[in-house]
Amino acid sequence: MRFFLHLVILVFVSSSPNAQELIRSSVSKEFMNGLQVKYLKNIAKHMNMEIEILPMPFARRIKELRQGNLDLLVGLQREDDEQDEVVYIAPSYETLRHTFFVRKPDIDQLVNFNDLRTLRIGVTRNAKYFERLNRETELIMVPVSTLAQKVALLQKGRIDTFIHFQESALPLIRDMGLQDEIVLAQYQPIEVNNYYVTISQNSPLFKQKHLVETAVREAIANGEFATIRREHYLSLAD
């Protein structure tokens, strides 16, 4: 099973002496106050559990999930129906589209997919994107761990473009004061990506899978994920 990145969140669970369960969670250090943290807190609230959130690199999160040391991840795509130690909670909680960014003076360098073959592309390490990009083997990919690294590399001219979610990238670009330097490319993929809450069969939380399923489905039915996303980006705009 291959895993795909949309800013991924992991969760551990352990029992305290009073039987109160504590969910320990992690995100990339640059998103400790980010959207996925809000999603996770909402899920924990539905499950009537406390939560602790720590920064941790993506690769370590995936490894710990496979081993069952992590209980729950947010932000993974499902590529096929094969089942292993990771269980995807249906339905997907979010549908997003990846976006290419370029330096403003170079906006004419990326107007169609074929232009990517001559460019250095900043990508998230271990992440997968849309099908056509995923199957290309000759593209010059520059893997990094964080969105901030992508932005910095593009600003310095060490890459020619990077791909990330527009909803996450634009606020960071504004925060860095680069909105007049780094802009949307003319070419953008049309494919959309569905993202799931996942749990590990090897974790203690798996025996409470029904609580996770109920939390996710109730939040979707009530439009909570969409509301959280809208309010999050409105707050950043303010």
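The values are calculated or read from the model by the stated rules, or taken from the named source; none is laboratory data. Every value quoted in this text rests on a predicted model; they were computed, and no experiment measured them. FYI the Cβ positions are ideal-geometry reconstructions off the backbone, even for glycines, and counts take in every protein chain you see.
Values for this structure:
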| quantity | calculated |
| --- | --- |
| Odd one out for Thr137, checked against (1) farther than 19 Å from Leu211 by Cβ; (2) within 17 Å of the chain's Cα centre (by Cα) | (2) |
| Subset of region 46-64 (residues that are among the basic types (Lys, Arg) and touching a residue at least 24 places away in the same chain (Cβ under 8 Å)) | Arg61 |
| Given (1) closer than 18 Å to Tyr39 by Cβ; (2) assigned to a loop (DSSP other than H, G, I, E, B), index of the condition Val111 fails | (1) |
| Conditions (1) surrounded by 13 or more Cβ atoms within 10 Å (Cβ to Cβ); (2) without any contact (Cβ under 8 Å) to a residue 40 or more places away in the chain; number of the one not met by Pro105 | (1) |
| Candidates Ala169, Ala152, Ala226, filtered to the one that is of a type in the set (Gly, Ala, Ser), in contact (Cβ under 8 Å) with a residue 12 or more places away in the chain and assigned to a helix (DSSP H, G or I) | Ala169 |
| Neighbours by Cβ (under 8 Å, 6+ apart or cross-chain): first from region 178-191, touching a residue at least 12 places away in the same chain (Cβ under 8 Å) and among the hydroxyl-bearing types (Ser, Thr, Tyr); second exposed (fewer than 14 other Cβ atoms within 10 Å of the Cβ) and part of a loop (DSSP other than H, G, I, E, B) | Tyr187/Val111; Tyr187/Asn112 |
| Hits in region 127-147 (condition: surrounded by fewer than 17 Cβ atoms within 10 Å (Cβ to Cβ) and either of a type in the set (Gly, Ala, Ser) or part of a helix (DSSP H, G or I) (or both)) | Glu131, Arg132, Asn134, Arg135, Ser145 |
| Output for region 214-223, where each listed residue is closer than 17 Å to Leu96 by Cα and part of a loop (DSSP other than H, G, I, E, B) | Gly223 |
| Number of positions in region 55-72 that are modelled with pLDDT of 80 or more and out of contact with any Lys or Arg (no Cβ under 7 Å at 6 or more places or on another chain) | 12 |
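So that you can scan it fast, the table gives a plain yes or no per residue for (1) modelled with pLDDT of 95 or more; (2) in the same structural domain as Thr227 (by TED's automatic domain parsing); (3) of a type in the set (D, E, K, R):
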position: Asp80; (1), (2), (3): no, yes, yes
position: Thr124; (1), (2), (3): no, no, no
position: Glu131; (1), (2), (3): no, no, yes
position: Ser145; (1), (2), (3): no, no, no
position: Gln155; (1), (2), (3): yes, no, no
